[in-house]
Every structure is written in C-alpha cells, then in structure tokens.
1. Read through the list (1) in contact (Cβ under 8 Å) with a residue 60 or more places away in the chain; (2) within 20 Å of Leu119 (Cα to Cα); (3) exposed (fewer than 15 other Cβ atoms within 10 Å of the Cβ), then give the number of the only condition that Pro61 fails.
2. State which residue is nearest to Val55 (Cα to Cα) when the search covers only the stretch 69-123 and only residues that are modelled with pLDDT of 95 or more and of a type in the set (Phe, Trp, Tyr).
3. From the list Gly26, Gly11, Gly31, pick out the single residue that is more than 21 Å from Thr63 (Cα to Cα) and touching a residue at least 12 places away in the same chain (Cβ under 8 Å).
4. Being in contact (Cβ under 8 Å) with a residue 40 or more places away in the chain and either assigned to a helix (DSSP H, G or I) or within 30 Å of Ala12 (Cα to Cα) (or both) is the filter here, so list the residues in the stretch 87-105 that pass it.
5. Looking only at the stretch 106-122, which residues are more than 14 Å from the chain's Cα centre (by Cα) and touching a residue at least 12 places away in the same chain (Cβ under 8 Å)?
6. Return yes or no: is Thr78 over 24 Å from Trp2 (Cβ atoms), hydroxyl-bearing (Ser, Thr, Tyr) and either in contact (Cβ under 8 Å) with a residue 12 or more places away in the chain or in contact with a Phe, Trp or Tyr (Cβ under 6 Å, 6 or more places away or on another chain) (or both)?
Amino acid sequence: MWQLAVIVAAGAIGAPARFLLDGFVGSRTDGTFPWGTLAVNLTGSLVLGLVTGMVLYHAMPETPRVFLGIGFCGSYTTFSTFTFETARLFEEGEPRPATANVIATVLGSACAGGLGIWLASVF
C-alpha cells in the first residue's frame, strides 16, 4: 500500500512538471513541430536512465526507485501525446515533421536513457 501512496505523490509532481515544461518550450518555439513533448520525453528518459543506473550500479533503495521511476517518470513522460501529435502532423499534410518527430523521440529517448545509465555508472 505504501508503494501506491508513493506513486500517487510522485505522479502529482510529474504531471504538472510535464505541463509546465511543455508550455515553456512551446511558447518559445514556432511552427507545428511538438518541441515541448519532445523535450519532456527526452528529459524523462534521461531521468529514468539515471534511476536505472542508480539501481544497477549503486543499489538504489526501493522507495526512491518507485517514486522517481514509476511515479514521476510515469506521469511526466507521455507516449500518448507523442502519438497524437505525430498523427496530427501526418493528417495535416506534414510528413517530414511527423517522421522527424518519430525519429527524434525514439532514438533520442533511447540515447537519453543510455546516457543516464552511463552517468550513473561513472558517479
């Protein structure tokens, strides 16, 4: 039961953080490309990579792992918004930005997660 409370508490932080970062980035960029969602997913993947690396290399305890990995990152990152925005770009006749969004999100998130694991391994 304590895990559920930890997840809910972290989710209450992660979701507004996503909203704020997406809005911050979106208000500073032009065009149809979803820069805010990309920034959210890349930073969330980096944090999750750091958490994973801390578990693997430094035996991070269960409570912070659940708080950060499941609660915060689970509510902060957004696959559904990425999918919706990519589909919207295709529907609006913007195949290049849509394809760029897929490539940047998938490859960028994998690289950000890997970077996080590596950073945890060297510190």
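1. Here Pro61 meets the rest and fails (1).
2. If we filter the stretch 69-123 for residues that are modelled with pLDDT of 95 or more, which is where we start, we get 69-122.
When the remaining residues are screened for being of a type in the set (Phe, Trp, Tyr), the result is 72, 76, 79, 82, 84, 90, 118.
Working: Phe72: 16, Tyr76: 20, Phe79: 24, Phe82: 28, Phe84: 32, Phe90: 39, Trp118: 12 Å.
Across the stretch 69-123, the extreme among qualifying residues is Trp118.
3. On the way: Gly26 fails: touching a residue at least 12 places away in the same chain (Cβ under 8 Å); Gly11 fails: more than 21 Å from Thr63 (Cα to Cα).
Only one candidate qualifies: Gly31.
4. The first filter runs over the stretch 87-105 and keeps only residues in contact (Cβ under 8 Å) with a residue 40 or more places away in the chain, leaving 89, 92, 94, 97, 100-101, 104-105.
Matches in the stretch 87-105: Leu89, Pro97, Ala100, Asn101, Ala104, Thr105.
5. First pass over the stretch 106-122, keeping only residues more than 14 Å from the chain's Cα centre (by Cα): 117-122.
The answer is Ile117, Trp118, Leu119, Ala120, Ser121.
6. Values: over 24 Å from Trp2 (Cβ atoms): yes; hydroxyl-bearing (Ser, Thr, Tyr): yes; either in contact (Cβ under 8 Å) with a residue 12 or more places away in the chain or in contact with a Phe, Trp or Tyr (Cβ under 6 Å, 6 or more places away or on another chain) (or both): yes.
Judged against the criteria, Thr78 is a match.
The values are calculated or read from the model by the stated rules, or taken from the named source; none is laboratory data. Just so it is clear, the model here is predicted, and its values are computed rather than measured. Cβ coordinates were reconstructed from backbone atoms using ideal geometry, including for glycine residues, and neighbour counts include every protein chain displayed.
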